[in-house]
Structures are given as structure tokens and as C-alpha cells.
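Input: a single structure, listed below in C-alpha cells.
The values are calculated or read from the model by the stated rules, or taken from the named source; none is laboratory data. In this text the structure is predicted, and so the values were computed from the model without any measurement. FYI the Cβ positions are ideal-geometry reconstructions off the backbone, even for glycines, and counts take in every protein chain you see.
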């Protein structure tokens with residue numbers, strides 16, 4: 001569809017041309033992710049990492065977004081999105097947009113990455129290029145370690161068409177028992193529990209030189225051991241993606257746990273939304289797979305192998321620091337430095353009671369900040385209760401273990417575990433069982449809503465009073481992602497914030513819902529109205545001739561109503577700077593509509609995941625929390641956003657926002673035509689990389705905190 005916009009005079013803000021398509025906007029983000037693999041300024045193994053990330057992201061996009069659109073088409077839904085597209089039209093444009101992205105990824109691998117790896121002494125070679133002795137060694141490896149794991153599934157009158165599991169890499173094998181016999185199709189699944197890149201041993205290689213062969217080629221070269229006494233006519237790899245949009249009606253489900261288990265079961269057998277074929281796949285195989293998997297030509301993607309780049313992440317584990325970014329170790333927070341607290345016999349609660357604390361991951365250590373807060377609460381004899389909302393957590397979560405310790409230590413513990421956290425359902429079910437076995441009260445979720453807030457409340461007896469300590473974060477209680485996701489967390493003893501969380505947790509565990517809160521913006525409740533009022537207040541100031549500004553950093557700006565509010569604010573004269581990581585429906589720079597709006601996106605070594613809002617004429621003006629400006633977050637999820645009132649922490653947040661708006665290495669600017677351009681330094685200007693800047697600030701703050709005359713300041 002056209003990206004042309006209406007003339008500035010008498011603008012209809014409901015005009016579909018003023019709204020970018022959600023799905024195409026996400027694909028635009030994936031193009032920026034892929035650029036990190038294309039960019040030869042990045043270290044080689046960092047580029048390899050992004051080839052893998054791009055595949056994982058696109059897999060999820062097809063499972064979730066394409067899967068949902070296919071369901072709409074099947075249900076004959078013809079409603080148009082705010083940008084004016086039907087589900088059918090969106091699918092057609094998605095396939096048209098995605099196909100060249102996959103082609104570009106493949107070219108990058110073959111034309112750029114493979115030669116660069118070879119120059120670095122890391123060779124990924126084809127099986128047929130190996131010497132006879134190398135092939136013999138790999139045949140021994142195959143027979144010993146791979147063959148026993150394989151189960152060929154043949155399709156013939158005696159065997160039904162085999163089930164093809166989601167995202168599995170498979171070999172399609174055509175065989176016949178004699179020249180006059182019928183050709184038979186078999187599927188061989190490449191095992192996911194064997195290294196995808198098989199090392200070729202060579203005693204003459206240097207220690208840092210390695211040669212690998214893809215496992216699928218090792219299997220293909222030794223099919224005679226899997227299909228003895230028959231003729232192997234052809235083989236080719238293929239890969240299937242299935243719909244993840246499988247749901248259960250929570251209102252009629254007698255047991256949400258059973259409903260989630262049903263979802264997990266049905267997802268395995270869900271509709272196929274994409275078929276990937278290796279170039280040169282015989283027409284017989286192509287037609288057979290399309291027919292039995294019910295896949296159209298548009299949903300079929302043919303490309304030169306490899307089809308699955310996720311396993312290239314294996315290469316990033318090589319001991320090659322010369323081909324990687326400098327490793328990053330999260331730093332201690334200056335005010336929570338263990339040596340200082342121990343020497344002064346102070347707890348985390350003493351520090352937070354004195355002044356709010358802002359933690360910034362992965363620059364600050366998760367284990368020494370957020371986990372320490374919860375773990376101290378679990379073992380503090382004065383703590384009466386702990387309440388936590390868990391959306392995603394690691395499989396070996398120290399947070400969960402601390403909550404279990406708290407229950408064993410006699411604390412009242414209530415945990416909200418969101419069973420509907422997509423792709424984490426099974427992990428969360430496992431933790432629910434463990435928590436319940438310890439006698440902890442567990443809420444599974446809220447009917448009609450997905451609980452996405454990242455909040456913890458600690459109730460502590462201090463003298464004759466009971467104090468409330470709160471953590472409000474932008475990211476999950478997940479120790480591993482906290483090393484690679486950029487997130488913020490507020491630790492505060494503010495009683496109003498604590499009382500708001502009391503209401504929120506009562507909503508989780510009881511039969512209550514609140515629309516009024518003292519300070520926090522909560523969805524469902526006052527969040528949409530609160531954000532709308534904040535934007536409108538800036539617009540009113542601008543209309544009256546005052547200076548007005550909004551700076552917002554978030555993952556996604558999808559909600560059409562909030563986009564319209566920003567358009568109206570721009571028309572009123574408000575300066576609006578948006579740092580939106582991926583989906584953004586808004587077009588900036590349109591005369592008479594959004595000429596005062598700038599939109600940027602930062603894509604770097606860490607995933608930008610923090611949400612910050614600044615409103616110049618509001619008091620306190622700064623907010624952080626779990627919600628994006630998406631319809632689902634504002635209306636259909638349980639979310640929490642807290643004000644940041646401490647001036648020192650406000651200064652920290654402003655520094656973060658300014659650094660994002662100053663980046664000239666990883667920042668992209670969205671144009672009024674809907675296209676992104678990566679920014680670069682002016683001639684002679686220094687390179688500014690926001691993530692490197694934040695790492696250096698964290699290092700410096702940790703160093704300064706170790707000095708005897710440290711004042712407690714972090715700016």
C-alpha cells in the first residue's frame with residue numbers, strides 16, 4: 001500500500017495512511033537485526049550471533065503473527081487494521097517482505113561470513129570436500145553417536161504421512177528397492193541433541209583453528225547405513241514452522257493448569273504456517289510436503305542451505321576473543337556494594353529506606369541487586385510477607401529458591417505466576433508445582449488478562465511500624481536475560497507505591513479490582529487514562545505558548561489511540577522524541593501532523609527492553625514500568641508503571657534518555673516514508689554508542705564506590 005500521506009490542511013487523523021502496519025513494522029525491525037550480521041564493523045562472531053538471532057526472531061514472528069493471521073483468514077475475518085489492511089492483504093505483504101530478508105541472510109552467510117570465518121581459521125566445509133580419512137572418521141562418529149538416535153519415518157501404503165515437529169530440521173529422502181519399484185518418501189529428523197556443527201579432527205590444526213561440517217551433511221552422506229539394501233535417489237533438507245496461536249477459553253476452563261497443558265499439546269500439532277526447502281529439492285518432494293502439510297506456494301520458502309541458523313550460536317562459544325566483543329561483567333550497584341554494607345552492618349532495606357535505588361541491567365548485577373533484595377527479605381527475621389509477580393524466569397531460578405526459603409522461614413509468601421507467558425508455559429508450570437509443594441500460595445493468572453507486571457512487595461516490621469518495600473521493574477525476574485536485556489528497576493520504600501502494590505496483589509489473589517491508585521499507573525485500571533492525560537497536559541501547555549516536551553523509550557508503540565494523541569500533541573507544538581525498539585505505528589515528520597515528532601530505534605549487543613517516560617510539565621515527570629504503548633498492554637494485560645520522584649534518580653534517567661538520543665553508532669532514524677536510516681558520526685565527531693557509554697559509567701561508578709571518600713552519589 002502507498003506510504004503517501006494526506007495534505008496538511010484539514011487532516012483526518014483516522015486516515016489509514018497515517019498508521020504503519022504492525023506486522024510490516026516488526027519485519028522492519030528484523031531487517032535492523034539482520035543488519036548487525038551484515039555490518040562488518042562488528043566482530044565476526046558477533047555477526048554470527050545475529051544471524052542466529054534473526055532466525056529465532058523470524059521463527060517466532062511466523063509462529064505468532066502469521067499463525068494468528070492465518071486463523072483470521074480461515075475464520076473469514078475481513079476487518080481492516082488501522083492502516084487499512086485485511087488479514088489476507090497483510091499475509092500477502094508479509095510473504096513479499098520476508099522473502100528477500102531470508103535471501104539476504106543466506107547471501108550474508110555464504111558471501112561474507114563463511115569467507116571471514118575461513119580467514120580466521122574457522123572453516124565450515126561441505127562433507128564432499130573432506131579427505132577420505134576425514135570422511136572415514138566422520139562415518140565412525142555417525143555410526144557410533146548419531147545413527148542410534150535416528151528414526152526414519154517412511155510414507156507408503158503401510159505407513160501414514162509422518163508427523164513433522166515444529167522448527168525441526170529434517171531430511172527428505174527418496175529411495176527405491178529396485179529400478180522397477182515405486183519411489184518411496186522418508187523423513188529423517190536431524191537430532192537436536194547432537195552438535196549441529198560436527199568438528200573434523202586434525203592433529204595438524206592450530207589450537208584456535210577449527211573445521212566443522214554441518215550435521216545434516218554427515219547424515220546425508222551416510223544414508224546407506226540408515227537405508228541398507230535400497231537405492232537412495234535423492235535427499236534434501238526441509239523445515240516446518242507451526243502456528244503457536246493456540247488458545248483455550250479461560251472463562252469456561254475448570255482448571256487453568258489443565259487448559260495450559262492442552263495448549264502445549266495442541267501447539268505440537270498446530271497448522272503449518274511456513275515450509276522451508278533447500279534449493280534443488282525435487283518437485284516430487286516439494287509437492288508431497290505442500291499437499292500433506294497443507295502449505296501454499298506463498299508459504300513455501302526455497303533457499304540455499306543451511307535452513308536453520310540458530311545453531312551457529314555454537315561458534316560464539318569458541319575461545320576466540322579476537323573475534324568477539326569485549327566480554328561484559330555486570331557491575332555492583334555503588335549503593336549496594338557488599339563490602340560497604342557488610343562493613344557498616346547495613347541491609348538493603350536500610351539503603352532503600354534512606355533513599356530510592358535505581359538499578360540498570362545488564363550494567364548493574366541482577367544477583368547483587370534485585371535478587372539480593374528478595375533473598376535478604378527471605379532471611380530477614382523482621383520481614384512478615386513477600387509478594388511477587390513472575391512472568392518469565394530461568395529454569396534454575398534463584399529468585400524462586402529464595403521465595404521457597406522465605407516460606408520455610410515462616411514468611412507469608414504469595415506468588416503470581418503467569419501460566420500464559422508464551423513459550424514459557426512449561427517452565428512456569430514446573431515452578432507452580434514446586435511452589436505449591438512448599439505450601440506457597442500461588443495465583444495462576446487473571447481470567448481475561450495476561451499478567452505482565454514485574455513487581456515485588458516486601459512487608460517488614462520495623463519497631464512499632466510496618467514498612468513496605470517495593471521493586472517495580474521493566475524486565476523479568478530472569479537472571480540470564482538480565483545479562484543481555486537492558487532493563488530498569490526501582491527499589492523504593494515509598495508507602496504510596498507500596499499501598500498500590502497491596503491493591504494490585506489483592507487483585508491477583510482475591511476478588512477485587514481497583515481503578516484508583518495513589519501514585520502508580522496500573523492496567524487494567526488507570527494506566528490508559530493516566531498516560532493520555534499526561535500527553536494531553538503537554539499539548540495544553542504548548543497551545544498556551546509554553547515549552548512542552550515528551551521523551552519516551554519503549555519496545556513498541558502500537559496502540560492507535562496513543563499514536564493519535566501524539567499526533568495531536570505534535571500539532572499543538574509539543575516536541576516529541578521517541579526511542580522505540582521495534583514496532584511503531586506512527587509516521588514522524590509529516591507536515592501538519594507529526595513534524596515535531598522524531599522516532600529512533602537502537603539495536604546493539606544488548607536487547608533494549610527498558611521503558612522510560614518523561615513529560616516536561618508533569619511533576620514528577622519521570623516514569624518506568626513494564627508496559628509498552630500497545631493496546632494489549634494498556635487494556636488486556638496487568639501492568640505496573642511507577643513514578644520516579646527522587647531528583648538524583650531522575651537525573652540518571654535523563655542521562656539514559658540523552659545517551660539514547662545521542663547515539664551515532666547503533667541508532668536508526670525513522671523517516672516520514674516509513675524507512676529507517678542508520679545514523680553515523682559527522683566528520684571528525686566521536687563515535688557514541690549508548691550501550692558502551694552505559695558500561696563505562698557502570699565501571700566508573702563501581703570503582704568510585706570502592707574509594708574511602710565516596711559520597712554515595714552515582715551521577
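With the checklist (1) in the same structural domain as residue 550 (by TED's automatic domain parsing); (2) touching a strand residue (DSSP E or B) at 6+ places or on another chain (Cβ under 6 Å) in hand, flag the one item residue 698 doesn't pass. Exception for residue 698: condition (1). Residue 304 meets each of the listed conditions (1) crowded, with 16+ Cβ neighbours inside 10 Å; (2) over 30 Å from residue 481 (Cα atoms) apart from (1). The criterion of at least 2 residues that are touching a helix residue (DSSP H, G or I) at 6+ places or on another chain (Cβ under 6 Å) and more than 17 Å from residue 608 (Cβ to Cβ) is met by the following helices (runs of 4 or more DSSP H) wholly inside the range 624-715: 690-705. Does residue 497 satisfy being under 22 Å from residue 353 (Cα atoms), out of contact with any helix residue (DSSP H, G or I) (no Cβ under 6 Å at 6 or more places or on another chain) and crowded, with 24+ Cβ neighbours inside 10 Å? Yes: the conditions hold for residue 497.
Yes or no: the range 592-602 includes at least one residue that is farther than 20 Å from residue 485 by Cβ, without any contact (Cβ under 8 Å) to a residue 24 or more places away in the chain and over 19 Å from the mean Cα position of the chain (by Cα). No, the conditions are met nowhere in the range 592-602.
Scanning the range 316-372 for residues that are without any contact (Cβ under 8 Å) to a residue 60 or more places away in the chain, under 18 Å from residue 383 (Cβ atoms) and part of a loop (DSSP other than H, G, I, E, B) returns 345, 346, 347. Output yes when any residue across the range 378-389 is modelled with pLDDT of 80 or more, in a helix (DSSP H, G or I) and crowded, with 20+ Cβ neighbours inside 10 Å, and no when none is. Among the residues of the range 378-389, at least one is modelled with pLDDT of 80 or more, in a helix (DSSP H, G or I) and crowded, with 20+ Cβ neighbours inside 10 Å, which makes the answer yes. Is the range 158-170 home to any residue that is without any contact (Cβ under 8 Å) to a residue 60 or more places away in the chain and surrounded by 20 or more Cβ atoms within 10 Å (Cβ to Cβ)? Within the range 158-170 (the criterion being without any contact (Cβ under 8 Å) to a residue 60 or more places away in the chain and surrounded by 20 or more Cβ atoms within 10 Å (Cβ to Cβ)), the answer is no, since none of the residues qualifies.
Given (1) under 30 Å from the mean Cα position of the chain (by Cα); (2) modelled with pLDDT under 95; (3) surrounded by fewer than 16 Cβ atoms within 10 Å (Cβ to Cβ), where does residue 263 come up short, assuming only one miss? So the condition that residue 263 fails would be (3). Note on the range 159-192: residues that are more than 28 Å from residue 145 (Cβ to Cβ) and within 38 Å of the chain's Cα centre (by Cα) amount to 2.
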